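K.L.:
I'd like to ask some things about the structure below.
The values are calculated or read from the model by the stated rules, or taken from the named source; none is laboratory data. As the structure is a computational prediction, the values presented were derived from the model and not from experiment. Heads up, the Cβs are rebuilt from the backbone with ideal geometry, glycines too, and the neighbour counts pull from every protein chain shown. Just the protein is used for accessible areas: all its heavy atoms, side chains included, with ligands, DNA and RNA removed. Shrake-Rupley method; radii C 1.70, N 1.55, O 1.52, S 1.80 Å.
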Amino acid sequence: NNDGSGCVRAESPFQDEDGGGIPNGNDDYPNDGVVAYATFTPDQISYGTYAFEDFWPAKGDYDFNDLVMGYNYEAARDTNNQTHWVIMNFKLRALGAGFKTGFGIQLDNITPDQISSVTGPTTTITSVAANGCENGQTQAVIMVTDNAHGTFGVPVGNFVNTGMDGTATKPPVDIQVRID
């Protein structure tokens, strides 16, 4: 704990290298004067899980293995709690759908014109605007993959990591998406 008087060579705890108004020791991004702190979902090191039933909301087999995706989000915020960018890390873990399946995220109460750019996902079927948002939507929709079978490298109809007979066993596929 240096108050600046005990050791003149020690870095002051009040130094603000990026001029963002937050001392380096409290600034998650000490070299970026715009953003100051990060929030993580579900937390900094673990992944949550989305599990989907392909017939939802109609009755299906309720196995919720038709697409299984891990997620971890980092949002960079300024001192006014405004988000400037988000990095979304996904792990495609399993597919139990017999038809072509995709996965996207809708950002509620965010319009596509509020997004400057989306980088990371590769879409081959979905029409996206120059900023990376899906065309024709009133809220920002970010496609993570529009062909999960292709992302796993298996033909449409093949099951992956579901534990059923004839299932392909594959390691999870990492997908990173950055939204500015």
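K.L.:
With every protein chain kept in the model, how would you rank PHE40, PHE152 by accessible area, 1.4 Å probe, largest at the top?
P.N.:
PHE40, PHE152
K.L.:
Could you tell me what percent of the accessible area of the range 31-141 is made up of carbon and sulfur, with a 1.4 Å probe and every protein chain present?
P.N.:
The nonpolar share, carbon plus sulfur, comes to 51 percent.
K.L.:
For the pair ASP113 and GLN15, what calculated FRET efficiency results from E = 1/(1 + (r/R0)^6), where r is the Cβ-Cβ distance and R0 = 25 Å, to the nearest 0.05?
P.N.:
Working from the Cβ atoms, E equals 0.05.
K.L.:
Can you give the accessible area per residue of the chain, in Å², using a 1.4 Å probe?
P.N.:
Each residue of the chain exposes 58 Å² on average to a 1.4 Å probe.
K.L.:
For a Förster distance of 25 Å, can you work out the FRET efficiency between the beta-carbons of ASN31 and ILE125, rounded to the nearest 0.05?
P.N.:
The formula returns an efficiency of 0.05 here.
K.L.:
Binning at 5 angstrom from zero up to the longest distance, how are the C-alpha pair distances of the chain distributed in percent?
P.N.:
Here the calculated profile for the chain is 1, 8, 13, 15, 15, 14, 10, 7, 6, 4, 3, 2, 1, 1, 0.
K.L.:
While we're looking at this one, here's another question. Karplus couplings for the range 46-51 from phi (6.51 cos²θ - 1.76 cosθ + 1.60, θ = phi - 60°), rounded to Hz, Gly and Pro as x?
P.N.:
Those phi angles translate into 10, 10, x, 9, 9, 10 Hz.
K.L.:
How high is the relative contact order of the chain, in percent, counting Cα pairs under 8 Å that sit 6 or more residues apart?
P.N.:
Worked out over the chain, it gives 18 percent.
K.L.:
In addition: Can you tell which of ALA168, ASN89, ASN147 lies farthest toward the positive end of the dipole of the chain, using +1 and -1 charges on the Cβ of basic and acidic side chains (Lys, Arg; Asp, Glu)?
P.N.:
ALA168
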